[in-house]
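The values are calculated or read from the model by the stated rules, or taken from the named source; none is laboratory data. From a predicted model like this one, the values you see are computed outputs, not experimental measurements. Every residue, glycine among them, receives a Cβ derived from its backbone with ideal geometry; neighbour counts consider all protein chains shown.
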Amino acid sequence: MNLLALPAFADNYLWLLHDAHEAVVVDPGQAEPVLQALQERGLRLQAILVTHHHGDHVGGVETLRQATGATVYGPAREAIPAPFVPLAQGQTVQALGYSFTVLDVPGHTAGHIAYFCAQAEGGPLLFCGDTLFSGGCGRLFEGTAAQMQASLDQLAALPDDTRVCCAHEYTLANLKFARAVEPGNGELLHYSAQCETLRAQGLPTLPSRMTLERAINPFLRTRVPTVAAAAAGFAPSTDTRDAAAVLAALREWKNGFR
Ligand code: ZN
Ligand code: FE
C-alpha cells in the first residue's frame, strides 16, 4: 500500500492511499492533482473520504465523483456535496481491503470527523483533516475549546506508531509557536531542526507520528504543568488545572502569534 501527499493550493495535502489498482483520496479540495496522480499510476478511485465541509477540503469532490464514479463519504452533521454516505463516531468505511473507523472530532467545525485505519500496512493511519496538525491544532471556527480538548484527547489515545496525516503543511509555523510555549523541550528543538531541513529540500514534514506529537505538540500537552504555566503567562485568568481552559488560552495566543 502506498501513501502520497499530493500538494494543492498554498499548503494543503490531498492524501492518496493506493494499492496496485485502486485508490482512496482524503479531502480533495482540488480535483486536478488527484486525476493526474490516478492517470500517471493507472489507478481507479474507489472512495473519497471527507473530514469537514470547508472548500479547501471538498472543492474537487464533484468533479472527481463525475470523472471516476467513486463513492463519497463524509460527516453526517455537515453539508458536503451530495450524495454522500453520512458517517459518525464508530461507523466504518471499507476500502482497499481495509477498515477505516470514524471518530467524531468537533472543534474546528461542528461536525468534523477523522478516519483511523488500525491495520494499515506500515502502521496505523489517521486522517485528521484540520483537527490535529503537526505541532498544532485547527482554529476553533464552529466549536468550543472543551470540544477541541475532547477531540484531541481522543486522537492522542491512538497507538504510538499512528501515522498522522494532517491536511496542511503548517508545521514550521506551529513549531515556532510551540517553542515559545516550551523553550526547554529538547525533543521539540530536535524535531524543529529536522523539519527545517525537510522544508528547505521542498519535502513534506508529514505524516507525523502520534508518539512524537504527544511529546512536542502544545495542544496535546495542556495537562503538562510548564505548558499550563506558559498559557497562564499569556492569559493570567486561566485555570491551569483545566485542560480546556489551557487550550483556549493557547489557541488565543497562537491566533495572534507571528
Ligand atoms: Zn478547515
Ligand atoms: Fe483546511
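Those helices (runs of 4 or more DSSP H) of segment 1-102 in which 2 or more residues are at pLDDT 95 or above, within 14 Å of ligand 2 (Cβ to nearest atom) and closer than 23 Å to residue 168 by Cα occupy 55-58. Here segment 97-118 is the region considered, the condition is being surrounded by fewer than 18 Cβ atoms within 10 Å (Cβ to Cβ) and of a type in the set (A, V, I, L, M), and the residue that is nearest to residue 26 (Cα to Cα) is 118. Counting the residues of segment 220-241 that are without any contact (Cβ under 8 Å) to a residue 24 or more places away in the chain, more than 23 Å from the chain's Cα centre (by Cα) and either within 16 Å of residue 151 (Cβ to Cβ) or buried (at least 17 other Cβ atoms within 10 Å of the Cβ) (or both) gives 3. Output the residue which, of all residues in segment 35-69 that are farther than 21 Å from residue 112 by Cβ and aliphatic (A, V, I, L, M), is surrounded by the most Cβ atoms within 10 Å (Cβ to Cβ). By that ranking, first place goes to 45.
Quick check: is even one residue across segment 199-217 free of Cβ contacts under 8 Å to residues at least 12 places away in the same chain and on the phi > 0 side of the Ramachandran plot? There is at least one residue in segment 199-217 that is free of Cβ contacts under 8 Å to residues at least 12 places away in the same chain and on the phi > 0 side of the Ramachandran plot.
Considering only residues in segment 134-150 that are under 13 Å from the mean Cα position of the chain (by Cα) and within 11 Å of ligand 1 (Cβ to nearest atom), the one that is farthest from residue 74 (Cα to Cα) turns out to be 139. Of the residues making up segment 152-201, those that are crowded, with 17+ Cβ neighbours inside 10 Å and hydroxyl-bearing (Ser, Thr, Tyr) are 162, 170, 171, 191, 192. Listed conditions (1) more than 22 Å from residue 138 (Cβ to Cβ); (2) out of contact with any Lys or Arg (no Cβ under 7 Å at 6 or more places or on another chain) are all met by residue 54, apart from (1).
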